[in-house]
Amino acid sequence: MKIQWVCVSLLGFALFFGEYRGSEVKFSRLDRWVKTGFQYLKLNLCRRVSLSESECKRLSHLHLSSVAVYVSEYNSEKVLAILPDSYSVEVPAPKQNTYSVGSAVKDGKRSQEFFTGAATHDAVLVLDPSPGESFGHPIVLFYVDFNVTKKRCGHMDGIYLGEECLTLALKTRCVNQLKRQRSRSDRLVGRSRMQRGASIAASGGSRPSRMERSGGVCEIHFLPLVVGVRDGNRTQRLRCVDHPDFAPCPQPLPQMGPSVPLSSCELSKNTRRCHQQSLASHLSCRLYQTCDHAVLLSGGWQAQITYQRHAQNLQLFHKMLRNNGFQKDHIKTFFAGNGQIAAKETEGMYPATEKEAIRNHIAYICRKQHCADTLVLYLNSPTWNDGTMLLWDRNHNGIAELKERYSVGELLADLAGCRAQRVLLFVEQSYSGALSKRLRSSRKHQNVALLSSLPWVAAAQAWASLLPSQCLRDHLTKSAAMPRMSEWTLGLLNVTLVGAPCNATPPLTDAEMRREYMGCQNLPTALWHQGHRRGN
């Protein structure tokens, strides 16, 4: 069976590069790229980017089978790599062999801006050392250029492979940039070391163990949108390749229907495929009643990095909420774009393209007096290193524009002064530390508790077994998801998910739990009007 799989992988690997001269040449060339790139990842990456010591140690012991390989389909047309945060990179005037957004992707609003690494190349190679994790996490992106002389490749700080030059792509402008200016002699030393490392990698040898770590720059965290410079349709050319020595390709969630850019849907609203159920937030809060509410958000950004496990996480967490008494109508789920979920599963589910609806719903639940007793937010989206969540690429241009991202500041603004008794944030995404830090220093979020803030913890699975009678604090201490909390925050968790007291004497019966705490409870008229007058 293993021999059969290897043969199939080799065949697919060769067919992927059908434009080359012969299958043996195709395989040997691409194999040379990925093996060289892998050696560079292990030996040189931590000298070029600012990764943690633990991550650098992990990369130094990385095995081929732990890395996923992505390569752009090759033809004679040059390609451009577009990153979600490319909007922040500008250039005052066009340079030779570069393309602005206006000429490359026909985005008139950004005609003066410039994509990260916007110089065109023959191909793009991506190595993902953490294929089991959600984006963003550090990945390694190389540009591939053909017919480049050894001297020119050296000037580009590239790895010369005889017929092509591999150049490591780095972000040149970012918030936590640590790149230091190197003198000409430093650059010459760096080039010679890189060339020596490339020749050693190609020959199968190993570099000296002592590595000089210089100031790094912000690493790349997402798969780029790789498009031909003359492709007005912006077709993604980057594909995962099942190389027999590397990790198998992740399986994206299959699309159940056509995914159309939002602009196209706006021109044809009457078509069934563009129909979207509107979210009536004003129906969520009823007179003389308080309820438990939840918002589940899993953006995904684009279909290539939206996996089956993301849908399963939502289903798992949704089931846990229902088991704890949350009413179906009070659990709002925002997931991916259009066409990612089968029609029978879309009841009560909205696309993550609706940022305004997401923010308005959260703010409405928080603003209404007595509307929510417990408000739960489950967050499972790709994130930038400042904690900003990516929702969905609505217009398919590869750039995370303002309407396509949900920042930590925006989330905190929506939750500021929330009138719910408690707000519980279950976070299963990278860089949740940014949100945790802001919450600890805020005086407007005294009733907000961040749970499962460790990025390597599967929050949906960790909380799936939570029972209605279990105390939140007790469940945290029994799992690996225990974040650092103040005593005040821990006090918020000395209840069950729906706010029932822990370890009551005598214990609450199931009937008492359902009647007094789970789902919705009726409020006395006097209490309702007293709170309403105080709120106004």
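The values are calculated or read from the model by the stated rules, or taken from the named source; none is laboratory data. Everything quoted here is computed from the prediction, not taken from an experiment. Cβ sites come from the backbone with ideal geometry, for glycine too, and all protein chains shown count toward neighbours.
Is one or more of the residues making up the range 438-456 modelled with pLDDT of 95 or more, assigned to a loop (DSSP other than H, G, I, E, B) and touching a Ser or Thr at 6+ places or on another chain (Cβ under 6 Å)?
Scanning the range 438-456 turns up no residue that is modelled with pLDDT of 95 or more, assigned to a loop (DSSP other than H, G, I, E, B) and touching a Ser or Thr at 6+ places or on another chain (Cβ under 6 Å).
Would the range 391-410 turn up any residue that is among the hydroxyl-bearing types (S, T, Y), more than 15 Å from T306 (Cβ to Cβ) and out of contact with any helix residue (DSSP H, G or I) (no Cβ under 8 Å at 6 or more places or on another chain)?
Yes, some residue in the range 391-410 is among the hydroxyl-bearing types (S, T, Y), more than 15 Å from T306 (Cβ to Cβ) and out of contact with any helix residue (DSSP H, G or I) (no Cβ under 8 Å at 6 or more places or on another chain).
Just one of the numbered conditions (1) within 16 Å of Q302 (Cβ to Cβ); (2) of a type outside the set (S, T, Y); (3) at pLDDT 85 or above is not true of N338; which one?
The failed condition is (3).
Would you point out the residue of the range 267-307, among those that are in a loop (DSSP other than H, G, I, E, B) and more than 21 Å from A336 (Cα to Cα), that is modelled with the lowest pLDDT?
N270
Considering only residues that are surrounded by 16 or more Cβ atoms within 10 Å (Cβ to Cβ), over 30 Å from the mean Cα position of the chain (by Cα) and outside any loop (DSSP other than H, G, I, E, B), look in the range 457-514 and name the one that is modelled with the lowest pLDDT.
The selected residue is M513.
State whether the residues of the range 12-30 include one that is modelled with pLDDT of 50 or more, over 23 Å from T120 (Cα atoms) and of a type in the set (A, V, I, L, M, F, W, C).
Yes: the range 12-30 contains one or more residues that are modelled with pLDDT of 50 or more, over 23 Å from T120 (Cα atoms) and of a type in the set (A, V, I, L, M, F, W, C).
Within the set of pairs 6 or more residues apart or between chains, which connect a residue that is free of Cβ contacts under 8 Å to residues at least 60 places away in the same chain and over 25 Å from P248 (Cα atoms) inside the range 43-64 to a residue that is of a type in the set (K, R) and assigned to a loop (DSSP other than H, G, I, E, B) with Cβ atoms less than 8 Å apart?
Close Cβ pairs (under 8 Å, with a partner that is of a type in the set (K, R) and assigned to a loop (DSSP other than H, G, I, E, B)) do not exist here.
So if I check each of R443, R419, R394, R438, which one is touching a Cys at 6+ places or on another chain (Cβ under 9 Å) and among the basic types (K, R)?
Residue meeting the stated conditions: R419.
Could you go through the range 158-169 and let me know if any residue there is touching a helix residue (DSSP H, G or I) at 6+ places or on another chain (Cβ under 7 Å), within 30 Å of S430 (Cα to Cα) and at pLDDT 85 or above.
Yes, the range 158-169 has at least one match.
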